[in-house]
1. Go through the stretch 8-17 residue by residue and tally those that are surrounded by 13 or more Cβ atoms within 10 Å (Cβ to Cβ) and either under 16 Å from Ala280 (Cβ atoms) or without any contact (Cβ under 8 Å) to a residue 60 or more places away in the chain (or both).
2. Regarding the stretch 92-99, can at least one residue be identified that is within 41 Å of the chain's Cα centre (by Cα) and part of a helix (DSSP H, G or I)?
3. Looking for whichever is out of contact with any Ser or Thr (no Cβ under 8 Å at 6 or more places or on another chain) and assigned to a helix (DSSP H, G or I) here; the options are Gly300, Gly292. Which one fits?
4. Suppose we keep only residues that are outside any helix (DSSP H, G or I) and surrounded by fewer than 20 Cβ atoms within 10 Å (Cβ to Cβ) within the stretch 494-525. Which one would you say is nearest to the chain's Cα centre (by Cα)?
5. Restricting the first residue to the stretch 63-85 and requiring it to be at positive phi and among the basic types (Lys, Arg), which pairs with a second residue that is modelled with pLDDT of 95 or more and not in a helix (DSSP H, G or I) meet a Cβ separation below 9 Å and a spacing of at least six or different chains?
6. Quick one: in the stretch 133-155, of everything that is modelled with pLDDT under 95 and outside any helix (DSSP H, G or I), which residue is farthest from Thr95 (Cα to Cα)?
7. On the basis of being more than 27 Å from Leu657 (Cα to Cα) and either among the polar types (S, T, N, Q) or under 21 Å from the mean Cα position of the chain (by Cα) (or both), does Ser167 make the cut?
Amino acid sequence: MKVYAWVLVALRWLVVAFWVVAAIAAVRLLPAVGQGGEDLSQLVSVGNPAVQTEVRSYDKFGFPLLSRVAVVQRDPRGLPLDVQAKAVSRARAVTEGQYADVQPILAAVPITNEKKLLPGSREDGTTIITYLFTRPDVSLAEQVDAADQFVAKYYGPQDHVVGVTGSVPARVEQGRIVLSSLTWLEVATVAAVFVIVAFAFRSVVAPVLALAVAGLAIVITLRVGGALAERFDVAVPQETQPLLVALLLGVVTDYVVFYVSALRVHLDDGMDRLSAARLATARFSPIIMTAGATAAAGTGALIVAGTPTFRAFGPGLAVAVTIGMVVAVTLVPALLAILGRAVLWAPGRSRRRPKAVREPRGWWARTLTWPGFSVVVLVACVGGLLWAALPVRHMTLSVSFVDALPATHPARQAAQQAEAGFAEGILSPTEVLVEGAGVTGKTAELARLRDALAHEPGVAAVVGPDDRLIEQVRPLFEAKDGSAARYLVVLSDEPLGAHAIQTVTQLQADLPALADRAGLGDARLSLGGDTAVADVIVDQTVADLGRIALAALVANLLFLALYLRALAAPLALLACSVLAILATLGLTTRVFEDWLGNDGITFYVPFAAAVLLVALGSDYNIFGIGPAWREARRRPLRDALAVTLPESARAIRAAALTLAVSFGLLALVPLRPFRELAFALSTGILIDAFVVRSLLAPALLAVIGSAAQWPGRYLERRRTRGALGTSIRS
């Protein structure tokens, strides 16, 4: 590291020039990340059983039963009969191809709650929903644009149109909201980082340095990520871009804070700027390299997941952290060597500060590492974190699209109006597909199955094979070759919320018994639709948890063990991190489910937050324990903690506050998943820095003492070697 620091400082101007050229080349030559990121295929695997059910249903009937785009008409006082008649004739004209200018819409199917003929309707004659069907190869954005144009051309004020809604419009709108919020998010985050760093160092140059380095890392990351996504044909969701920006701004600022903190100490000790830059580089570069590699490995662990969403998040986050680390350990030392004490400049401050008289053993550090008090702190911290973690036991997961939109968004308001007239699950019904030779001839059995489905908990209505169906509607539910029948099941709850997913989970488990009792035991029954797709996604997510957690923890344990040359201390530190994560998820559940009454936490939030917090917690593990472990080569670990804790804890808290604000500002994106993720990440970072690294981990290591170096005696051997060297020199 001494050689590395000397070379880097000597070539400081070339290093700066290299990164400036690299950023310009990346912008000019590489594509941006997140291109085409609003396609549901990024969330749903082609092998999803619910998707396969819909594919087979389409093959059997030649026409889909489910639509994910709908036009809602509503008047709470009652829709005139001529409006209802016009809706039916308009839909028939679309289906018969009379409107050539509505392409790519191929068909329209209206339903009305007139006289509550549709089972489960809440009102009478107030609402019409017209489902629109397009070709499977039409993109989501094109579907929504076609629906909007259809409404603009063929509906008037007298038709009482509330809006276009459904899971597809909601998904498209989420992508648009993310992109429109990105500029404000970046501005707010930059302003917050500037204020925090400026306050921490009482300087206006230090935050400019941090933001310049972070900005360069962001530009290169977004372009390199786009190039890698294009090269390996990986769709990167647009939702990753705000997270990448917040992550890089926070992480790179953390690294800058540690470098500048070390530089300030050495300058105050009387060193010249080049010597101070070399020493700061040699001291903190291995810590930052290890921390960055650990964080990259932890976030990269998402690639072992079976869920496409996690596989899309993982590599992007790992690449972001790696690039941020590489930029930090090269560009920051070079800039510090160029600027020297100017980094700490502020108006009114004298050019040189007097040499500080520092007393590293503060009273709090001595008290915290005292054996009796450390046990008390350990018990109090563990008890408090366990209490905070209790709500994790009843956490539920959702895949909401419409409900994730702002309350004032037209697509969400249209959905609420549709649900007011029918049932909450009306916009995304579930399809039950029954396959078997001659199954449509078993009318009595199909009727019994329909009645059984209607009595399942959480089911509001069932429409399917019935002797009362008119001939024009019958082909929707009975295949021409007699080999398949299907039912439309409307759920009582928001179709992509946790309760509806639990209903479909139970329905999936009950299907074999229901078929047997109905006399259809030899038929094949399966589920399709948004809720069934979401059910599979949630199941895959929970199944992924074990693989992701194991991969992330093993990666972090490996780097910590290699860095500390021990196993006991890394295990203890990871146990602290896991406890902090459980507390974070418990508080997230308490706020969003228990207090705000949301129908579940967005499925990817707990696991993305957990992986990020494990990775970033390992950063703080290394920043906190690294100096103490180094000092423990000369004195017992408890004394080493007392010596290094004041300085390292202060730097960690400043860095963590910056990172927490960066993540917290994700709440500026007015989508529920971003607010959940912002709360979880910012809360987790603060718990990690102010509770775990400042209190719990030092107290735990003080209690463990020399056993922390197990299974080796690395620290004792270094102390012995140092003592022998001192004796020989004497």
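The values are calculated or read from the model by the stated rules, or taken from the named source; none is laboratory data. It should be emphasised that the depicted structure is a prediction, and the values quoted were computed from it without experimental measurement. We place every Cβ from the backbone using ideal geometry, glycine too, and count neighbours over all the protein chains shown.
1. Residues meeting the conditions: 5.
2. Among the residues of the stretch 92-99, at least one is within 41 Å of the chain's Cα centre (by Cα) and part of a helix (DSSP H, G or I), which makes the answer yes.
3. Gly300
4. Arg524
5. If the second residue must be modelled with pLDDT of 95 or more and not in a helix (DSSP H, G or I), no pairs are left.
6. Taking the candidates together, the pick is Ser139.
7. yes
Yes/no per residue for (1) touching a helix residue (DSSP H, G or I) at 6+ places or on another chain (Cβ under 6 Å); (2) within 30 Å of Thr134 (Cβ to Cβ); (3) assigned to a helix (DSSP H, G or I); (4) without any contact (Cβ under 8 Å) to a residue 40 or more places away in the chain:
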{"position": "Leu185", "(1), (2), (3), (4)": "yes, no, yes, no"}
{"position": "Ala191", "(1), (2), (3), (4)": "no, no, yes, yes"}
{"position": "Ser203", "(1), (2), (3), (4)": "yes, no, no, no"}
{"position": "Val213", "(1), (2), (3), (4)": "yes, no, yes, no"}
{"position": "Ala227", "(1), (2), (3), (4)": "no, no, yes, no"}
{"position": "Glu230", "(1), (2), (3), (4)": "no, yes, yes, no"}
